[in-house]
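Trainee: Okay, here's the structure, questions in a sec.
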Amino acid sequence: MAANRRYYIDGSTVRKIEDMPEKQVRRTSDEVRGNTVRKASALPAEPERRKPVRKARPKTRKKRSRLFRRNQDVSFRRELGYSVFSLVIVGIMVLAGYNYLSLAADVRADKSEISALQKELTNQKNANSEYKSRLEASVDLDEIYKIATQELGMVYSKPGQTVYYSKNSEDYVVQYKDIPETK
């Protein structure tokens, strides 16, 4: 195929390639030159272009790398600070959650203890009322009156025999004189 194509298009003319080695023939796809589209053909090879080698500027690279490292260190410190702050916040939240759950468990335990104590109090009140009713049933006031009047010689007081004293603000009374006889 390459042997059949020994021509190229230059402008509006077709030129023949003579005595050109196969390596120098350049194949391209359809080309646009001016206002016409030309079919691909073998063109003379263009010399290889070498890319210019850039010389590195050592000062700017060092500055850039120094700035980059400094910015990297600053961002690392910021990220480390944010990470530590986040860990502290998470730790506080975990402690608060644990505290809340332990307090809730204590409240539940206290409620059950209160319920048990209320049941015990109700039972004790019922027992006390039973003892009181039995005690009241066992005491006969008529018999006490008979014993007091007949055996012990006690009598009811007559009007004027009762002497009333005013009570001081203290809890007890100190007697300095004998109580006067009533008439």
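The values are calculated or read from the model by the stated rules, or taken from the named source; none is laboratory data. Computed from a prediction, not measured in an experiment: that's the story for all the values here. Glycine also receives a Cβ, built like all others from the backbone with ideal geometry; neighbour counts cover every protein chain displayed.
Trainee: Please determine whether any residue of the stretch 141-164 is hydroxyl-bearing (Ser, Thr, Tyr) and in a helix (DSSP H, G or I).
Mentor: Scanning the stretch 141-164 turns up at least one residue that is hydroxyl-bearing (Ser, Thr, Tyr) and in a helix (DSSP H, G or I).
Trainee: Given the criteria over 30 Å from Tyr156 (Cβ atoms) and surrounded by 10 or more Cβ atoms within 10 Å (Cβ to Cβ), does Lys119 qualify?
Mentor: Taking the combined requirement at face value, the residue satisfies it.
Trainee: List the pairs whose first member sits in the stretch 59-82 and is surrounded by 10 or more Cβ atoms within 10 Å (Cβ to Cβ) and of a type outside the set (Gly, Ala, Ser), whose second member is part of a helix (DSSP H, G or I) and at pLDDT below 75, and whose Cβ atoms are under 9 Å apart, counting only residues at least 6 apart or on separate chains?
Mentor: none
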